[in-house]
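Report on the structure given below.
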Amino acid sequence: MTEPISVPPPIDARIAVVMVGLPARGKTYTARKLARYLGWLGYRAQVFNVGNYRRERVGVNMPAEFFDPDNLEADGIRFQLASHALDDMIAWLGTTGQIGIFDATNSTLERRTRVRERCEKAGLSVLFLELICDDPAMIEANIRETKITSPDYQDLTPDEAAADFRRRIANYERAYEPIQSDEASYVKMINAGRKVVVNRIEGYVPGRIVQFLVNLHTVPRRIWLTRHGESQDNLRGVVGGDSSLSERGRAFAYRLRDFVASDGPPVLHVWTSTLKRGIETAWELRRSFLPIKSLDEIDAGICDGMTYAEIQERMPDEYAARRADKLRYRYPRGESYEDVIRRLDPVLTEIERHREPVLVIGHQAVIRCLYAYLADVPREQVPFVSVPLHTVIELTPKAYGCEETRFPLGPE
Ligand code: F6P
């Protein structure tokens, strides 16, 4: 028998995603998020940020004049730095990497042509990702949120830093040429995704990239993750099953209702699994909710309904195999964590898309997987994330990370 399809689907080409755009258009934010998403799906993806090469090699505190296109000496240095980063990315893609994200302005046709030629010579598929923004309020918000706290400006006041950064942008603007060639494979995101132009995109991974990007936004909102209330099967210590809530589980559901009612926003999307313990927890909230099959707990296959001790005794090899590689281990006729991640992909896309808060009432493995993406947990650690019962995990996405608060509602 052949092995079931590997997770994620193999890609037949190494991909270079080349960021394009003026400073403060959200390139680094988008590049990092994309790398996090692709890494979560199981691809080896990495960002190569030219700004970091510059800070490491020529130091922080470079004034706006360093970015003046007429400053030929500085232009030569910046070109060298970008080349180093590109060389490193190409070398990485030639060995272990699958998707490299080249995070630089790449704002002139000449620069992009060189990047593209070098990548194609190395056998990479090139996808340009251009971020365009002409909304002054959005640009200013980006400067205030991410630039004035950058290591580039550690010695300046916020106003001095913002003023210097605006001069830096003006320098880039003088030389900037948006992508025009319809030969290239590209995605243009205009004003934070209000308009998206997609050209010559084909293949599974580029398609996933586009789908992810069109759902991104930066509207602040909270995401609440919790497991269902304690179930009868939790009391027995068995995996899987489809039992009802225990008394304590029901008490948690009431507390969750009070929590949502006291702190809850007027619009709240509530999603749960199709399993009884999820539905019964959501039901007690006394508001509409959506049962989603992909939120069902990891399928323990032939081990469903057994305790861990029973699995160890009756199927020692299976028990040992899971302990050896919990992320990839697939229960016979069931699932692995990797399988769960794949089926959660549409749910994650929906979490990203919504601008209103979302409450997900899930299960241990499922919440671990969603949490891992949001809180940027390394993939190997996913099956070990602590997700206690009767605790709401509140996550608020920020520019470069996520703020987290845990509310242990009890009962313990
Ligand atoms: O024990 C509760 C439970 O949700 C089981 O149904 C499920 O198999 C298990 O947790 C997942 O956790 P782990 O991957 O650590 O076994």
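The values are calculated or read from the model by the stated rules, or taken from the named source; none is laboratory data. Note that this is a predicted model, so its numbers are computed, not measured. Here Cβ is always computed from backbone atoms with ideal geometry, including for glycine, and neighbour counts include all displayed protein chains. Side chains included, ligands, DNA and RNA excluded: accessible areas come from the protein's heavy atoms. Shrake-Rupley method; radii C 1.70, N 1.55, O 1.52, S 1.80 Å.
Considering region 311-341, and only residues there that are among the basic types (Lys, Arg) and open to solvent by 50 Å² or more (accessible area, probe 1.4 Å), the residue that is farthest from the chain's Cα centre (by Cα) turns out to be Arg314.
Total residues in region 210-268 satisfying the condition of being aliphatic (A, V, I, L, M), within 18 Å of Leu295 (Cα to Cα) and within 16 Å of the ligand (Cβ to nearest atom): the figure is 3.
Taking region 312-324 as the range and being within 13 Å of the ligand (Cβ to nearest atom) and either at positive phi or touching a residue at least 12 places away in the same chain (Cβ under 8 Å) (or both) as the test, only Glu318 passes.
Within region 148-195, the set of residues being outside any loop (DSSP other than H, G, I, E, B), among the basic types (Lys, Arg) and closer than 29 Å to Glu352 by Cβ comprises Lys188, Lys195. For Val382, the criteria (1) closer than 20 Å to Arg32 by Cα; (2) within 12 Å of the ligand (Cβ to nearest atom); (3) free of Cβ contacts under 8 Å to residues at least 40 places away in the same chain hold in every case but one, which is (3).
Which ones in region 86-98 are of a type in the set (A, V, I, L, M) and farther than 21 Å from Glu177 by Cβ? Hits for region 86-98 are Met89, Ile90, Ala91, Leu93.
Annotation note: of Ser288, Ser294, the sole residue that is under 30 Å from the mean Cα position of the chain (by Cα), more than 12 Å from the ligand (Cβ to nearest atom) and either touching a residue at least 40 places away in the same chain (Cβ under 8 Å) or open to solvent by less than 30 Å² (accessible area, probe 1.4 Å) (or both) is Ser294. Ile15 fulfils the conditions (1) under 21 Å from Val205 (Cα atoms); (2) over 17 Å from the mean Cα position of the chain (by Cα); (3) open to solvent by 40 Å² or more (accessible area, probe 1.4 Å) except for a single criterion, (3). Restrict the check to region 83-106 and report whether at least one residue is assigned to a helix (DSSP H, G or I), open to solvent by 60 Å² or more (accessible area, probe 1.4 Å), in contact (Cβ under 8 Å) with a residue 12 or more places away in the chain and in contact with a helix residue (DSSP H, G or I) (Cβ under 8 Å, 6 or more places away or on another chain). Yes; the residues of region 83-106 include at least one that is assigned to a helix (DSSP H, G or I), open to solvent by 60 Å² or more (accessible area, probe 1.4 Å), in contact (Cβ under 8 Å) with a residue 12 or more places away in the chain and in contact with a helix residue (DSSP H, G or I) (Cβ under 8 Å, 6 or more places away or on another chain).
In the set (1) more than 15 Å from the chain's Cα centre (by Cα); (2) surrounded by fewer than 20 Cβ atoms within 10 Å (Cβ to Cβ); (3) closer than 22 Å to Thr218 by Cβ, His354 fails one condition alone, (1).
For region 284-324, enumerate the residues that are in a loop (DSSP other than H, G, I, E, B) and touching a Cys at 6+ places or on another chain (Cβ under 8 Å). The answer is Met315, and nothing else. The residue list Thr274, Thr281 contains one member that is part of a helix (DSSP H, G or I) and hydroxyl-bearing (Ser, Thr, Tyr), which is Thr281.
Just one of the listed residues (Ile367, Ile361) is within 12 Å of the ligand (Cβ to nearest atom), among the β-branched types (Val, Ile, Thr) and either modelled with pLDDT of 95 or more or in a strand (DSSP E or B) (or both), namely Ile367. Of all residues in region 23-54, those satisfying the criterion of being part of a loop (DSSP other than H, G, I, E, B) and in contact with a strand residue (DSSP E or B) (Cβ under 8 Å, 6 or more places away or on another chain) are Arg25, Gly26, Tyr43, Arg44.
Scanning region 241-263 for residues that are open to solvent by 20 Å² or more (accessible area, probe 1.4 Å), touching a residue at least 60 places away in the same chain (Cβ under 8 Å) and within 30 Å of the chain's Cα centre (by Cα) turns up just one, Phe259.
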